[in-house]
Amino acid sequence: QVQLVESGGGLVQAGGSLRLSCAASGRTFSSYAMAWFRQAPGKERDVVATISRDGGSTYYATSVAGRLTISRDNAKSTVYLQMDSLKPEDTAVYYCAAGRTRQTVVPGLYDYWGQGTQVTVSS
């Protein structure tokens, strides 16, 4: 069992930055591919970024590439999402997810989810 706890969300003006963190319980963090998803009101949950177990491979949604950066620290059992040049359309609840399978953009293939953290970008 893995528990994920996100933090770092908040209200920021367009063009600003935030850094989200997701701390995982347990001793097997390095066994999981990790991802960040987001869900805006009335919309589906979409992938933002994924990262492999060793951090050597990353994937970004087209809408965030070049502005958001996913990273992980396996010694701290934590995955991060650095968010720069934020836009109002980035407003959503952000969720981290852990999966035993390889990196994937499919939400249903992730085994554990955090409770989410709200990010609001004002124009």
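The values are calculated or read from the model by the stated rules, or taken from the named source; none is laboratory data. Here the structure is a predicted model, which is why all the values come from computation and not from measurement. Here the Cβ positions follow ideal geometry from the backbone for every residue, glycine too, while neighbour counts run over all protein chains shown. Protein only, heavy atoms only, side chains kept; ligands, DNA and RNA dropped before computing areas. Shrake-Rupley method; radii C 1.70, N 1.55, O 1.52, S 1.80 Å.
So which of 48, 12 is part of a strand (DSSP E or B), free of Cβ contacts under 8 Å to residues at least 60 places away in the same chain and under 13 Å from residue 92 (Cα atoms)? The conditions single out 48. Inside region 92-120, residues that are open to solvent by less than 10 Å² (accessible area, probe 1.4 Å) and hydrophobic (A, V, I, L, M, F, W, C) make up a count of 5. Residues of region 1-29 that are open to solvent by 50 Å² or more (accessible area, probe 1.4 Å) and among the polar types (S, T, N, Q): 1, 3, 7, 13, 17, 28.
All conditions but one from (1) surrounded by 22 or more Cβ atoms within 10 Å (Cβ to Cβ); (2) of a type in the set (S, T, N, Q); (3) at positive phi apply to residue 50; the one that does not is (3). Listed by position, the strands (runs of 3 or more DSSP E) contained in region 67-114 that have at least 1 residues being closer than 13 Å to residue 49 by Cβ and touching a residue at least 60 places away in the same chain (Cβ under 8 Å) are 78-83, 92-99.
Among the residues of region 66-73, are any charged (D, E, K, R) and within 12 Å of the chain's Cα centre (by Cα)? Yes, region 66-73 contains at least one residue that is charged (D, E, K, R) and within 12 Å of the chain's Cα centre (by Cα).
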